[in-house]
Amino acid sequence: MKAFRGKPSIYERIDSDTKPAKLEIRKISLRFGGVTALDGIDLLIQTGELFAVIGPNGAGKTSLLNCITGFYRPQRGTILFNGLEITHLPPHELVRVGIGRTFQNIELFPGMTVLSNLLLARHTHCSYGLVKACFYLKSVRCEEMRHRRILEEIIDFLEIQSVRNKPVGALPYGMMKRVELGRALALEPAMLVLDEPFAGMNLEEKEDMVRFLVQMNRVWGQTMILVEHDMSIVMSIARRIAVLNFGEKLTEGTPDEIIRHPEVIKAYLGAEETL
């Protein structure tokens, strides 16, 4: 695979001073009837971090992401993004404040091409209205050129040139995951929320995705929250990790601290298992 050269212009300004992405989660609790999905969760994610959330099935990981991205509304607690309370904002408003997301189950339009799926993500950045669009004024043409340039950078970075005009439904599963990441990047998010981005991939596809995420985080400074079951990947790329179990936070720390924590070994890795 050829290496990505240079930093895309859409990310030239991503750094701790110009594109902050500080997320504060304070005592979040979420219940479904008699089932407690989240119980008093506290987290702090700083700008530029690649923060992972792990835990066994049913621990509350996806529920936490759904609260962050507006699909669930917690009964208690507060979520702040760069000091703005976003606890009860709907998903489309959260996109506008700078939070983008990929999904555990792919949420693309299978009958549309890769390029069309990416273009759909740009609508939140369109400043022109229906009248200007109908007459295709010069300002509209200039803006369309900017959107196209951004998408070309994403297509080049994710190495999906060869499938750009193919229907998404005809692609291998791993490539569809890559397209979904591209659509999230097209939103130009300050914070990217990734729900099991490696699920269903083979080894080569995982290696490619790891390369993309590491490039985004360490070179571009992209802030990310990652939920993933592949512990070898999490331990190799995450800077800090939070562990959930039955809706509660067991602990939080660096990969080295997490891997040696006795409660984590007991609840998640297994009493006799080591990595």
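The values are calculated or read from the model by the stated rules, or taken from the named source; none is laboratory data. The model shown is predicted, which means the values in this text are computed figures rather than measured ones. Because the Cβ atoms are built from the backbone with ideal geometry, glycine has one as well, and the counts that use them run over all protein chains shown.
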Name the residues in segment 166-185 that are over 17 Å from Asp156 (Cβ atoms) and either in a helix (DSSP H, G or I) or of a type in the set (Lys, Arg) (or both), would you? Val168, Gly169, Ala170, Tyr173, Gly174, Met176, Lys177, Glu180
Tally, over segment 102-127, of residues that are surrounded by 13 or more Cβ atoms within 10 Å (Cβ to Cβ) and in a helix (DSSP H, G or I): 11
Taking segment 207-236 and keeping residues surrounded by 19 or more Cβ atoms within 10 Å (Cβ to Cβ), among the β-branched types (Val, Ile, Thr) and not in a helix (DSSP H, G or I) leaves Thr223, Ile225, Val227
So if I check each of Ile99, Ile54, which one is surrounded by 21 or more Cβ atoms within 10 Å (Cβ to Cβ), in contact with a helix residue (DSSP H, G or I) (Cβ under 9 Å, 6 or more places away or on another chain) and modelled with pLDDT of 95 or more? Ile99
With the checklist (1) hydrophobic (A, V, I, L, M, F, W, C); (2) modelled with pLDDT of 90 or more; (3) surrounded by fewer than 18 Cβ atoms within 10 Å (Cβ to Cβ); (4) part of a loop (DSSP other than H, G, I, E, B) in hand, flag the one item Ala21 doesn't pass. (3)
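Residues checked against (1) surrounded by fewer than 19 Cβ atoms within 10 Å (Cβ to Cβ); (2) under 20 Å from the mean Cα position of the chain (by Cα):
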| position | (1), (2) |
| --- | --- |
| Met191 | no, yes |
| Leu194 | no, yes |
| Glu205 | yes, yes |
| Ala238 | no, yes |
| Ala242 | no, yes |
| Pro262 | yes, no |
What tally of residues in segment 211-236 results from selecting those that are under 28 Å from Asp39 (Cβ atoms) and in contact (Cβ under 8 Å) with a residue 40 or more places away in the chain? 10
